[in-house]
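Written out below as structure tokens is the structure these notes cover.
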Amino acid sequence: MSGNSTGDLFRLTSFGESHGPAIGGVVDGCPPGISLTEADIQPFLDARKPGGSKHVTQRQEADRVRLLSGVYEGRTTGTPIAFLIDNTDQRSKDYGAIAEQFRPGHADYTYWRKYGIRDPRGGGRASARETAVRVAGGAIARLVLNAIVPKGVVVRGALVQIGARAIERSRFDWKEVSNNAFFCPDAKTVPLWDEDLAKIRKAGSSIGAVVEVEALNVPPGLGMPVYDKLDADIAKAMMGINAVKGVEIGEGFASALLSGEENADEMRMKKGKPAFLSNHAGGILGGISTGQPVVVRLALKPTSSILTPRKSIDIHGNEVDIVTKGRHDPCVGIRAVPVAEAMLALVLADHLLRQRGQCGKI
């Protein structure tokens, strides 16, 4: 009932707050005998951590992960894998003035109405700081995918739009993603985004974004009919990421503009095996993976913490104007890329184990 866990057979539970001493998680259901050390997790945390460029929050967190259980001599034991990430650069005083006020666009009001109490320091449990736990769990999920699937599963993501400026699809190059601070697959768009965000930061404002993430070599057959469809679980996982307001699989909303002839992914035999001629479905039909790349896009709203005064109220019913101080991302979509990758990996690992448990084969 608490909503702090995700997954069925491969399950991640997270704990901790933005300004508490630490955040962490427990992965339960990981198969035994899989090679795992902190070094397998750290690169993914480094990609998400704050302070990586001038366009993200300048909070300085090393995000060093420590494995506490579930591993012996570098291999998983099949028991719960607990890990911890220390918080080392909190500035709780930045939130003292708004401890009893509700920041527009934040979860302050809803947390207070639900629990009757809230942690105002950096958003507490609602902070994007918690997503570091998801990234660590996703790193473990990737190891499971690669251990079970013969060819290994490649999960990768990119930022494809900031505000109204989208990348040029004809220049999409996955190799470019690691060459810039935006996770941008279009080299010519990078300087334009850099200029756009410089103006937004100077104005004390923020902007939304679109992230695209895909998984290659996903075996056909993952997902359950009706209620536990693979795309339904992916959509839920992505919607659970902070600031996400929309998710689409494959063509998504654009499929409403297509005819039946255009939308249908036709099939032929190639080298004695079934082959799809297109992938409008995003690798999922009837809630079950087709073997095609699984393609997901998510829309993130602008960061709610801005310097422009906004109208609100406090817990006593007084009307107030709020300016949110502190260190914040002008575009949360940038650091959302490794988080989206992690959530996709977590869902795929869970469904992979479920498929193996029910059908006995991949």
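Here are some notes:
- Within a Gaussian network of the chain (alpha carbon springs, distance under 10 Å), most fluctuating of Ala299, Ala198, Ala126: Ala198
- Amide H contacts of Ile288: Leu230, each under 5 Å away and 5 or more positions distant or on a separate chain (H built 1.01 Å from N in the peptide plane; Pro and chain starts excluded).
- For region 116-171, the spread of Cα coordinates along the three principal axes comes to 49, 37, 14 Å, biggest extent given first.
- Charge dipole (Cα centre; +1 on Lys/Arg Cβ, -1 on Asp/Glu Cβ; no other charges) of the chain amounts to roughly 260 debye.
- The lysines whose alpha-carbon is closer than 26 Å to the alpha-carbon of Lys271, local same-chain residues fewer than 8 away aside, are Lys151, Lys361.
- Rg/Rg_ref, the chain, where Rg_ref = 2.2 N^0.38 Å and atoms are Cα: 1.02
- Along principal axes, Cα extents of region 207-292, largest first, whole Å: 47, 28, 23
- Chymotrypsin sites (Phe, Trp or Tyr not before Pro) within region 171-229, DSSP loop, no more than 15 other Cβ atoms inside 10 Å: Phe172
- Here region 216-330 exposes an accessible surface that is 56 percent carbon and sulfur, computed with a 1.4 Å probe and the other protein chains kept in place.
- The order of Arg335, Arg268 by accessible area, most exposed first and with a 1.4 Å probe, is Arg268, Arg335.
- Percent of alpha-carbon pairs separated by more than 22 Å within region 226-354: 53
- Look at the alpha carbon pairs under 8 Å that are at least 6 residues apart: their mean separation over the length of the chain gives a relative contact order of 22 percent.
- 0 to 90° range, to nearest 10: angle between helix 230-239 axis and the chain longest Cα axis: 10
- Mean Cβ neighbour count within 10 Å, used as a protection proxy, ranking 9-21, 101-113 highest first: 9-21, 101-113
- Region 94-227 - Debye-derived log10 I(q)/I(0), Cα point model, q = 0.14 Å⁻¹: -0.96
- 222 nm mean residue ellipticity, helices alone, for the chain (DSSP H n ≥ 4; -39,500 (n - 2.57); rounded to 500): -8000 deg cm²/dmol
- Per residue, the accessible area of the chain comes to 48 Å² when a 1.4 Å probe rolls over the protein heavy atoms.
- 3J(HN,Hα) from dihedral phi, region 199-212, Karplus parametrisation 6.51/-1.76/1.60, rounded to Hz, x for glycine, proline: 5, 5, 5, 4, 7, x, 10, 8, 8, x, 7, 10, 10, 10
The values are calculated or read from the model by the stated rules, or taken from the named source; none is laboratory data. If you're wondering where the values come from, they're calculated on a predicted model, not measured in any experiment. Virtual Cβ from ideal backbone geometry, glycine too; neighbours counted across all protein chains shown. Only protein heavy atoms, including side chains, enter the accessible area calculation; ligands, DNA and RNA are left aside. Shrake-Rupley method; radii C 1.70, N 1.55, O 1.52, S 1.80 Å.
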